[in-house]
Amino acid sequence: MRASAPPAPYIELRCKSAFSFLDGASLPEDLIATAAALGHEALALGDRDGLCGAPRFFRAARKVATVRPLVGAEITLHAHPPVLLLVEDRRGYKNLCRLITAMKAGRPKGEGAATHDLLEAHAGGLIALGGAVPRSDLDRLLGIFGPRHIYVEVARHFDDEETHRNRVAVALAEALRVPLVATNDVRYATPRLRRVHDVLTCARHKSTVDDIGRRLLRNAERCLKAPAAMAALFGDRPAAVHATRDIAARCGFSLADLGYRFPSYPVPSGETEQSYLTRLTWAGAGLRYQPLSDKARHQIEHELTVIGKLGLAGYFLVVWDIVRFAREKHILVQGRGSAANSATCYALGITAVDPVGMELLFERFLSEERVKSATDAADRMPDIDLDLPSGERRESVIQYVYGRYGTGTGASGAAMTANVITYRPRMAVRDAGRALGFSEEHCTRISKFLPAWIMDDATPLSAYVAEAGFSQADERTRLLCEVASAMLNLPRHLGQHSGGMVICAGRLDEVVPCEPASMPGRTVVQWDKDDCADLGIVKVDLL
């Protein structure tokens, strides 16, 4: 019998992805793939002030099945260095989501910092890593998190200034009896991406590689390294290496345990959601079908049975309620998509197509067998899109959903889904070109030759740059093409989806961090619609 492989001696606990927005150069999927290839048993993702990349990190790890994804976030701290918070359990996850939401509330988009008081109010279930820097607030953090939940990091990137900072930080930790843990402060999966990270750093600071100075990392050491290599690097500090495994073992939370629930619809006294939906459906059917044929009756009975078995009556009632509100306000509204296959949706006035008369198949919209066998959470829920007029009339419907199912702060109920803005050819060339010293005139000239998208198997970006008159014989042009190509599809910033809304029972900010949208009166979750659907969070599209 073949012996099992020995456990990895080291687990990376500090790692940023491109969802740190201009401070990480690898997608979550690439980090997981590299970690698996290097033999890591677990990997913690701690992006800056958010969990934007956590769903894709979790999904990638689920596919690989050999790397356990640990949940965390690096939190900006007012007047002090940031602190990395790793989630132990579901309580800690709720606290982290609420902390991020609270620190961003009332702040301009992309801003916000936590105070020590805010940390203290949300410390339960979290492990704090204070960085590999001297901290004047270490005693305060020790008081907030307690001796078992605070660590000082040691890092070795062959940087003399860092070595000095480490020495001071370790002396302070030893004086306060705070344990040490080894980390590598990973910013990208492989060393070759160091140049991409440099350019992203320049974009973040609105500078160039010639002018940015020491704000760039000194070398390419902040890549994922093999566990054995990291253990050897800290061979003189075995306790700091062992602490990585100890912390990882304590971080047992998974995004599979979000605890999300769809809200219950407030039905009249004496009714259940299913009985109320049934009553509304038959009342609507009597108006829609004149006369109500046996075929239509049997179809509606079948659909209501399936909806009842799957526990989806509340979802249909919420969509019906939104449609009812719009029509009461004389706002045009129309359901579309596969929902048109449902006689129940037709009877409720959600859709305008008679699926019985058109002989449409309900199972294309909702199938008991498909839901029960679905491995993807997105396939377990029906999907109803509502088309609305643009402008103020659509906004009034959105605000109705906020008012009925949420508070507008993300503390409970409802928020818009995010839209992750990623690098496309023109934006990548502009940011990379500016960082590398290309003039605005040259960046504009190149951009005119670029398509909106470049697929993996399409003409390379370098061909378009050459067509614009820039020779690959020039080293700076070659570097532009190399870096801009690697930037394609990396997240640049978080936007707002045009109409996707998620609603939940209880506090939405205990399921996913929320933040103010750029548009007044709106709140956005940090996940896009696909991430929400993949994790079983129900959305309604008001398009």
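Taking the condition out of contact with any Cys (no Cβ under 8 Å at 6 or more places or on another chain) and under 30 Å from residue 87 (Cα atoms), does residue 422 pass? Break it down into steps so the answer makes sense when it comes.
On the way: out of contact with any Cys (no Cβ under 8 Å at 6 or more places or on another chain): yes; under 30 Å from residue 87 (Cα atoms): yes.
So residue 422 fits the description; yes.
On the given criteria, is residue 500 at pLDDT below 95, assigned to a loop (DSSP other than H, G, I, E, B) and among the small types (Gly, Ala, Ser)?
no
Restricting the search to the range 38-56, which residues are touching a Leu at 6+ places or on another chain (Cβ under 9 Å) and open to solvent by 40 Å² or more (accessible area, probe 1.4 Å)?
Residues satisfying the conditions are 38, 56.
Kindly indicate the residue of the range 332-346 that is more than 33 Å from the chain's Cα centre (by Cα) and open to solvent by less than 10 Å² (accessible area, probe 1.4 Å) and also nearest to residue 361 (Cα to Cα) among those meeting that condition.
It comes out as 343.
For residue 240, all conditions in the list (1) open to solvent by less than 40 Å² (accessible area, probe 1.4 Å); (2) within 24 Å of the chain's Cα centre (by Cα) hold save one; what is the number of the exception?
Exception for residue 240: condition (2).
Taking the condition among the polar types (S, T, N, Q), under 25 Å from residue 100 (Cα atoms) and either at pLDDT below 95 or in a helix (DSSP H, G or I) (or both), does residue 444 pass?
For residue 444, the condition - among the polar types (S, T, N, Q), under 25 Å from residue 100 (Cα atoms) and either at pLDDT below 95 or in a helix (DSSP H, G or I) (or both) - is not met.
Scan the range 448-458 for residues that are crowded, with 16+ Cβ neighbours inside 10 Å and either assigned to a helix (DSSP H, G or I) or aliphatic (A, V, I, L, M) (or both) and jot them down. Before you say what the answer is, go through the steps one by one.
First, pick out the residues of the range 448-458 that are crowded, with 16+ Cβ neighbours inside 10 Å: 449-450, 454.
450, 454, listed by residue number.
Being free of Cβ contacts under 8 Å to residues at least 60 places away in the same chain and in contact with a strand residue (DSSP E or B) (Cβ under 7 Å, 6 or more places away or on another chain) is the filter here, so list the residues in the range 176-193 that pass it.
So in the range 176-193, the residues free of Cβ contacts under 8 Å to residues at least 60 places away in the same chain come out as 176-178, 191-192.
Result: 178, 191.
Which of the numbered conditions does residue 245 fail, given that it passes all the others? Conditions: (1) open to solvent by 70 Å² or more (accessible area, probe 1.4 Å); (2) charged (D, E, K, R); (3) more than 20 Å from residue 126 (Cβ to Cβ).
(3)
Residues to consider are 437, 408; find the one that is modelled with pLDDT of 90 or more and in a loop (DSSP other than H, G, I, E, B).
Numbers: 408 fails: modelled with pLDDT of 90 or more.
Testing whether each residue is modelled with pLDDT of 90 or more and in a loop (DSSP other than H, G, I, E, B) leaves just 437.
Each row is one residue, and each column tells you yes or no for (1) touching a helix residue (DSSP H, G or I) at 6+ places or on another chain (Cβ under 8 Å); (2) in contact (Cβ under 8 Å) with a residue 60 or more places away in the chain; (3) open to solvent by 30 Å² or more (accessible area, probe 1.4 Å); (4) aromatic (Phe, Trp, Tyr).
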position: 431; (1), (2), (3), (4): yes, yes, no, no
position: 435; (1), (2), (3), (4): yes, yes, no, no
position: 438; (1), (2), (3), (4): yes, no, no, yes
position: 446; (1), (2), (3), (4): yes, no, no, no
position: 460; (1), (2), (3), (4): yes, no, yes, no
position: 463; (1), (2), (3), (4): no, no, yes, no
position: 472; (1), (2), (3), (4): yes, no, yes, no
position: 479; (1), (2), (3), (4): yes, yes, yes, no
position: 483; (1), (2), (3), (4): yes, yes, no, no
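From the residues in the range 520-543 that are open to solvent by 20 Å² or more (accessible area, probe 1.4 Å) and in contact with a helix residue (DSSP H, G or I) (Cβ under 9 Å, 6 or more places away or on another chain), which one is nearest to residue 47 (Cα to Cα)?
Residues of the range 520-543 open to solvent by 20 Å² or more (accessible area, probe 1.4 Å): 520-521, 528-530, 533, 535-536, 539, 543.
Then drop every residue that is not in contact with a helix residue (DSSP H, G or I) (Cβ under 9 Å, 6 or more places away or on another chain), which leaves 521, 528, 530, 533, 535-536, 539, 543.
Working: 521: 27, 528: 16, 530: 19, 533: 21, 535: 19, 536: 22, 539: 25, 543: 31 Å.
Result: 528.
If a residue must be open to solvent by less than 10 Å² (accessible area, probe 1.4 Å) and farther than 15 Å from residue 503 by Cα, how many such residues does the range 314-330 contain?
Final tally of qualifying residues: 2.
Pairs needed: first member in the range 37-58, closer than 17 Å to residue 21 by Cα; second member anywhere, at pLDDT below 95 and assigned to a loop (DSSP other than H, G, I, E, B); C-beta distance under 7 Å; at least 6 residues apart or different chains.
49/112; 55/535
If you take the residues of the range 256-293 that are among the aromatic types (Phe, Trp, Tyr) and either open to solvent by 80 Å² or more (accessible area, probe 1.4 Å) or modelled with pLDDT of 95 or more (or both), which of them is farthest from residue 503 (Cα to Cα)?
282
Quick grid of which residues meet (1) without any contact (Cβ under 8 Å) to a residue 60 or more places away in the chain; (2) within 30 Å of residue 349 (Cβ to Cβ); (3) in contact with a helix residue (DSSP H, G or I) (Cβ under 8 Å, 6 or more places away or on another chain); (4) of a type outside the set (Asp, Glu):
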position	(1), (2), (3), (4)
207	no, no, yes, yes
210	no, no, no, no
233	no, no, no, yes
248	no, no, no, yes
251	no, no, no, yes
267	yes, yes, yes, yes
275	yes, yes, no, yes
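Kindly indicate whether residue 82 is in contact (Cβ under 8 Å) with a residue 12 or more places away in the chain and more than 19 Å from the chain's Cα centre (by Cα).
Judged against the criteria, residue 82 is a match.
Determine which member of the set 486, 458, 505, 463 is within 24 Å of the chain's Cα centre (by Cα) and more than 30 Å from residue 522 (Cα to Cα).
Result: 486 is the single residue among 486, 458, 505, 463 that is within 24 Å of the chain's Cα centre (by Cα) and more than 30 Å from residue 522 (Cα to Cα).
Within the range 463-480, is there a residue that is part of a loop (DSSP other than H, G, I, E, B) and hydroxyl-bearing (Ser, Thr, Tyr)?
Among the residues of the range 463-480, at least one is part of a loop (DSSP other than H, G, I, E, B) and hydroxyl-bearing (Ser, Thr, Tyr), which makes the answer yes.
Could you figure out which of (1) of a type outside the set (Val, Ile, Thr); (2) part of a loop (DSSP other than H, G, I, E, B); (3) in contact with a strand residue (DSSP E or B) (Cβ under 9 Å, 6 or more places away or on another chain) isn't true of residue 157?
Going through (1) of a type outside the set (Val, Ile, Thr); (2) part of a loop (DSSP other than H, G, I, E, B); (3) in contact with a strand residue (DSSP E or B) (Cβ under 9 Å, 6 or more places away or on another chain) one by one, residue 157 breaks only (3).
Quick grid of which residues meet (1) touching an Asp or Glu at 6+ places or on another chain (Cβ under 7 Å); (2) closer than 29 Å to residue 350 by Cα; (3) modelled with pLDDT under 95; (4) acidic (Asp, Glu):
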position: 452; (1), (2), (3), (4): no, no, yes, no
position: 459; (1), (2), (3), (4): no, no, yes, no
position: 474; (1), (2), (3), (4): no, no, yes, yes
position: 496; (1), (2), (3), (4): no, yes, yes, no
position: 504; (1), (2), (3), (4): no, yes, yes, no
position: 509; (1), (2), (3), (4): no, no, yes, yes
position: 531; (1), (2), (3), (4): no, yes, yes, yes
position: 535; (1), (2), (3), (4): no, yes, yes, no
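If you take just the helices (runs of 4 or more DSSP H) that sit entirely in the range 57-148, which of them hold at least 2 residues that are on the phi < 0 side of the Ramachandran plot and open to solvent by less than 10 Å² (accessible area, probe 1.4 Å)?
Details: elements: 90-104, 116-121, 138-145.
Those helices (runs of 4 or more DSSP H) span 90-104, 138-145.
The values are calculated or read from the model by the stated rules, or taken from the named source; none is laboratory data. Just so it is clear, the model here is predicted, and its values are computed rather than measured. Methodologically, a virtual Cβ is constructed for each residue, glycine included, from the backbone with ideal geometry; neighbour enumeration extends over all protein chains shown. The protein model used for the area step is the full one, side chains on, heavy atoms only, and it has no ligands, DNA or RNA in it. Shrake-Rupley method; radii C 1.70, N 1.55, O 1.52, S 1.80 Å.
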